[in-house]
Amino acid sequence: MISTHNPIKNTVAFAGAATTGLFPKNTERSQTSYAVEACISVLRQCGLGPDDVDGVCGSFPMAQRMQETLGLTSVTWFANPHIPFINQVAAATAAVSAGLCQVALVYHGAYRLPWNTSAALRDPFRAADASIPTGPPNPDTVAGAIGYTAWASRYLHEYGVTKEDFGLIAINDRSNAATNPTAAMREPITMDDYLSARMVRWPLCLLDMDIAVDGADAFVITTAERARDLALPPVLINAVTLGMTARNSEDQIDGLRHHGQQVVIEALRAKSDFWIDGADIFFPYDGFTPIALNWIENVGYCGPGEAGDFMRQHWDPATNSVRVNGRVPFNPHGGSLSEGATQGSGHVREAVHQLQGLAGDRQVAGARTALLTPGGFFFNAQGLTLVSA
Amino acid sequence: MISDADLIDRFRGHMLSRDNAAHFRGRLDHQLLIDRCAECGVWHHPPAPACPACWSMSITPTAVSGTGTIHLVIFLHQHAPIPGFDDAMPYPVVTVELDEQPGLRFTGTMVGAANDDVVIGRRVRLDWIDRDGEPVPAFRLAEVAA
Ligand SMILES: [Zn+2]
């Protein structure tokens, strides 16, 4: 039973968003260092000091470490929900709305670790940081991120499409990243580049998978009323939701037509004041290319298996990217595939900047609404709608 | 019966718990035990202490026939080194929909099949391989009826 009740609508806001930039290499800095830099940056931009923050909510590092590092004087609420990043946004929104805190510092530290790139093991600090496995890794599984590769095979099988449909997501993202100075990868790619990229786990190749990066994003979430008194234009949270189905293990979900995304869409659509016809920007999560195809279909732009054709119909040759009806871009910052793997914090930061009018060379003219669908299929599908104040 | 400590030691690459120990004990006897509800008969996987269909906590790990149909397939083109691992790449991993119940699936590798024959929709049966002393459930293409 999905509730359409949404008492938080437009009462809680992003007051600011900041990033350190994202770097696709083992830098000689800690994850905490990046997260702290992003937090200091966003607090300074908002004109907030250590006495003003009473809520702390992040992925990594732990909230208590962040409070102590920044010397936040009195914190009344803190949490470290699991990624992807809308978990942090949803928790902080609820906490602000309920009065557990008024000004929440919300952050995600992205970091190259052995689970997302084996090259991280070349850095002794990263190798030491990894939890020590008790035995050899098990190859006979689709658990974890590999699950998306498994359902990619099912996508090709059920819908009779080719890998070129996946490639459109990669090309769109890379074209958009060209105008994003913080993106990890900014060289445009062609379909030939995509089709000849190194296979990692068939049917997905290197360009189907997001890029492990060092860097961080940070945000201030507060009441809409308080945000109006701060330095930057507020961006209101219209609705936020997570989504799971009864069977959510990677190899047990009902199928492509029934997983976490469908729950997110039903709830988010019911709670939001606008949908795709009223969205100025769409952010389909793209940790793996087929996740984005599924989101495009599930939000209602087209039917199951039709996302590739939809993108071809709305392809803008001038920018070599999607512009729905000549207007609405998908992941204008380059997404996780090109900007870097941020667990969605990059998508949220870009949406906030776009709706504040602070997106630089890639500013979408007159953008006032954004539809975000971070996360995947299993226990991590999420949705967020944002509007300019 | 092998002790809990020895069982955990035999399956060091897996996260063993009191909820899945019976499943792994079954592997030592080449039996694929899947949790089944003693009240309503519904199967579930991975192992869990309650039935998602009726909330009974009377769960019996029960051997399945091992026959089913390939539902998902991937080929690993790279993998971290594992003792006893046949590192011939691309290495197939299949999720098999078991005949016992629609949507009940088990994931493992394929043996004795050319990768071109490992495709969604093919019928398979359970087999066992040995990896550095660990019995590992795997699948083979089912014999085609004459
Ligand atoms: Zn039952």
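The values are calculated or read from the model by the stated rules, or taken from the named source; none is laboratory data. Keep in mind that this is a model prediction, so the values were computed, not measured. With ideal geometry, Cβ positions are generated from the backbone for all residues, glycine too; neighbour counts draw on all protein chains shown.
Here is a check on your reading of the model: is B:G112 more than 14 Å from the chain's Cα centre (by Cα), within 23 Å of A:S249 (Cβ to Cβ) and in a loop (DSSP other than H, G, I, E, B)? It is false that B:G112 is more than 14 Å from the chain's Cα centre (by Cα), within 23 Å of A:S249 (Cβ to Cβ) and in a loop (DSSP other than H, G, I, E, B). Only one entry in A:D286, A:D280, A:D273 is surrounded by fewer than 16 Cβ atoms within 10 Å (Cβ to Cβ), in contact (Cβ under 8 Å) with a residue 12 or more places away in the chain and either over 30 Å from A:G147 (Cα atoms) or in contact with a Leu (Cβ under 8 Å, 6 or more places away or on another chain) (or both), namely A:D273.
Put simply, of B:A88, B:A50 the only residue that is more than 10 Å from chain A (Cβ to nearest Cβ), at pLDDT below 95 and under 21 Å from B:F139 (Cα atoms) is B:A88.
Rundown of residues vs (1) touching a Phe, Trp or Tyr at 6+ places or on another chain (Cβ under 9 Å); (2) within 14 Å of chain B (Cβ to nearest Cβ); (3) outside any loop (DSSP other than H, G, I, E, B), yes/no style:
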| site | (1), (2), (3) |
| --- | --- |
| A:R247 | no, yes, no |
| A:N294 | yes, no, yes |
| A:Y301 | yes, no, no |
| A:P304 | yes, no, no |
| A:F310 | yes, no, yes |
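Only residues that are assigned to a loop (DSSP other than H, G, I, E, B) and hydrophobic (A, V, I, L, M, F, W, C): list them for region A:1-57, please.
Kept after step one, since they are assigned to a loop (DSSP other than H, G, I, E, B), are these residues of region A:1-57: A:1-11, A:20-22, A:24-30, A:47-54.
Of everything in region A:1-57, those that are assigned to a loop (DSSP other than H, G, I, E, B) and hydrophobic (A, V, I, L, M, F, W, C) turn out to be A:M1, A:I2, A:I8, A:L22, A:L48, A:V53.
Candidates are the residues of region B:26-63 that are touching a Phe, Trp or Tyr at 6+ places or on another chain (Cβ under 9 Å), under 18 Å from B:P135 (Cα atoms) and in a loop (DSSP other than H, G, I, E, B); the one that is farthest from the ligand (Cβ to nearest atom) is B:H30.
Of (1) under 25 Å from B:M1 (Cα atoms); (2) away from the ligand (no atom under 14 Å from the Cβ); (3) not small (G, A, S), B:T107 satisfies all except one. Which? Among (1) under 25 Å from B:M1 (Cα atoms); (2) away from the ligand (no atom under 14 Å from the Cβ); (3) not small (G, A, S), the lone unmet condition for B:T107 is (1).
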